[in-house]
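Presented below is the structure to which this report refers.
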Amino acid sequence: MLSVKSAVPFGICLFLTMPALAADMVEAPPPAAPTWTLGIEGSPEFYAIDNGSNTARSLADTYFKFSVSHTFENNFVGGVSFQPTFKTGGKTQFYGEATLGYKIKLTDTFTLTPSLGLGYTWHDTGIVKGSDTNAQLPYYALYLAGDLKLNKQWTWNAFNLRYRNAFNATWETPKVATGITYNIDTYNAVYASFGYSWKKAETTKAPYDELAADKFNFAIGYKHSF
């Protein structure tokens with residue numbers, strides 16, 4: 001049986017060690033959500049209509065898009081991308097673009113993201129500016145994306161709208177796309193999408209003397225976040 005003299009030091013030691021024991025029992029906080037994302041996307045594009053020697057549904061080009069983006073604490077999203085496009089006939093067009101957007105969480109499951117892009121396209125662009133049929137041009141783009149989270153793994157990318165035009169030439173190229181994303185885990189995701197675009201160019205020849213159907217595409221992509 002413990003005496004009073006021996007119990008007092010034991011009680012003091014127990015009192016001093018209790019905060020440490022309690023700290024050990026507290027669960028560690030969950031890891032912070034990833035803020036950086038690396039992406040790669042690939043897609044064939046097909047002509048939407050008959051146009052000269054190009055027939056509807058024939059292959060127009062194949063592109064690959066490489067991207068890096070960062071989500072800030074205040075819901076702003078910034079990113080850069082590089083896209084080489086390999087056209088039938090051996091020609092190649094390149095795009096470099098920087099974007100800045102803002103995520104608006106309308107509900108627990110639906111997010112709206114408007115963004116602005118500034119870019120440059122070069123090489124075999126096929127863009128008409130005066131007598132130049134391959135003008136190298138800076139351009140701007142306005143985007144609006146709507147994403148609906150179906151569950152922990154699946155997200156319906158309900159719509160992604162784009163209006164794009166050159167600063168000093170007529171190159172209107174709006175596009176609408178929809179798709180689905182599968183989240184493998186917190187850090188990895190794959191997705192697929194379908195898109196349809198239109199075009200208006202600086203020309204007097206139909207059909208692109210006014211806004212007309214241009215191309216459609218089926219894309220697949222992979223994203224890694226950290």
Study note, to complete from the structure: Between the Cα axis of helix 4-25 and the main Cα principal axis of the chain, the angle (0 to 90°, nearest 10) is 10 degrees
Check your understanding: Roughly speaking, what is the stretch gain from Thr92 to Tyr222, that is 0.36 nm per residue apart minus the C-alpha to C-alpha distance, in nm to one decimal?
Key -> 44.5 nm
Check your understanding: Taking Cα atoms of the range 50-91, Rg/Rh with Kirkwood Rh, to two decimals?
Key -> 1.28
Check your understanding: Cross-link partners among aspartates and glutamates for Lys215, C-alpha distance below 20 Å, same-chain residues fewer than 8 apart left out?
Key -> Glu41, Glu45, Asp50, Asp61, Asp124, Glu172, Glu202
Point to revise | Cross-link partners of Lys103 among aspartates and glutamates (Cα-Cα below 18 Å; sequence separation of 8 or more within a chain) | key: Glu73, Asp147
Revision key, fill the gap. For the chain, the percent of accessible surface on carbon and sulfur atoms (probe 1.4 angstrom, ligands and nucleic acids excluded) is 66 percent
**Study point:** Amide hydrogen neighbours beyond the local backbone of Ser43, cut-off 5 Å, H modeled
**Key:** Tyr63
**Study point:** Partners for Lys149 among aspartates and glutamates (Cα-Cα distance below 15 Å; same-chain residues under 8 apart left out)
**Key:** Asp108, Asp185
**Study point:** Whole-Å semi-axes of the ellipsoid equivalent to the range 128-200 (Cα gyration tensor, √5λ, descending)
**Key:** 34, 12, 10
**Study point:** the range 175-220: projected area of the alpha-carbon convex hull, averaged over directions, in nm²
**Key:** 3.9 nm²
Study note, to complete from the structure: Over all viewing directions the Cα convex hull of the chain casts an average projected area in nm² of 18.3 nm²
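The values are calculated or read from the model by the stated rules, or taken from the named source; none is laboratory data. Only a predicted model underlies this, so the values are computations on that prediction, with no experimental measurement involved. Surface areas here come from the heavy atoms of the whole protein model, side chains and all, with no ligands, DNA or RNA. Shrake-Rupley method; radii C 1.70, N 1.55, O 1.52, S 1.80 Å.
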